[in-house]
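Colleague: Please read through the structure below; I'll follow up with questions.
The values are calculated or read from the model by the stated rules, or taken from the named source; none is laboratory data. Note that the coordinates shown come from a computational prediction; the quantities given were computed from them, not determined experimentally. Cβ placement follows ideal geometry from the backbone for every residue including glycine, while neighbour counts extend to all protein chains displayed.
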Amino acid sequence: MEFEDIMGYALRIGVMLSILFLIIGFSLIFINGQENLFKEITNLNSSVISKNFKIELIINNLINLKGVGFIYLGLIILIATPISRVFLGILQFYKERNWLYFIITSIVFFNILFSIFLIPYLINL
């Protein structure tokens, strides 16, 4: 199987999983009748706001079948999908021994991870 096929499957699977979790999440919100959810979303101290949302809350919401947890998981998968494409590009360029693009893609991957994980931590210090 070619790397392009693997990347194509990874992108398709990521998008389909994301859509599935988003549909489940919005369906659960509709079924459970969470009328206050939209008022809670606009509150800056709400746990729904992404800067306040912790992985434990996502897991807890998934276990308790709350729609917000499924929506967050769908969005995380949607964000991780193109990042996985960059990672697969690193593997492809390493396999092809294309060192220039291997280094460039590695720098891009590092910058993405740095901006997702380290910069928000540094801002909150």
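Colleague: Anything in region 68-108 that is within 21 Å of L17 (Cβ to Cβ), touching a Phe, Trp or Tyr at 6+ places or on another chain (Cβ under 8 Å) and either among the basic types (K, R) or free of Cβ contacts under 8 Å to residues at least 60 places away in the same chain (or both)? List them, or say none.
Modeller: Answer for region 68-108, where residues must be within 21 Å of L17 (Cβ to Cβ), touching a Phe, Trp or Tyr at 6+ places or on another chain (Cβ under 8 Å) and either among the basic types (K, R) or free of Cβ contacts under 8 Å to residues at least 60 places away in the same chain (or both): F70, I71, Y72, L73, G74, I83, V86, F87.
Colleague: Looking only at helices (runs of 4 or more DSSP H) that lie completely in region 50-125, which have at least 1 residues being aromatic (F, W, Y) and surrounded by 13 or more Cβ atoms within 10 Å (Cβ to Cβ)? Step through it out loud before you land on a result.
Modeller: Numbers: elements: 55-63, 67-95, 99-113, 119-123.
Qualifying helices (runs of 4 or more DSSP H): 67-95, 99-113.
Colleague: Restricting to region 81-125, what's the tally of residues that are in contact with a Gly (Cβ under 7 Å, 6 or more places away or on another chain) and either among the small types (G, A, S) or within 25 Å of L62 (Cβ to Cβ) (or both)? Break it down into steps so the answer makes sense when it comes.
Modeller: Applying the first criterion (in contact with a Gly (Cβ under 7 Å, 6 or more places away or on another chain)) to region 81-125 yields 81, 84, 105.
Okay, now just the ones that are also either among the small types (G, A, S) or within 25 Å of L62 (Cβ to Cβ) (or both), so 81, 84.
Looking only at that region, the number is 2.
Colleague: Restrict the check to region 21-35 and report whether at least one residue is modelled with pLDDT under 80, under 19 Å from the mean Cα position of the chain (by Cα), over 21 Å from I83 (Cβ atoms) and of a type in the set (A, V, I, L, M).
Modeller: Step one: filter region 21-35 for residues modelled with pLDDT under 80, giving 33-35.
Still in the list and also under 19 Å from the mean Cα position of the chain (by Cα): none.
No, region 21-35 contains no residue that is modelled with pLDDT under 80, under 19 Å from the mean Cα position of the chain (by Cα), over 21 Å from I83 (Cβ atoms) and of a type in the set (A, V, I, L, M).
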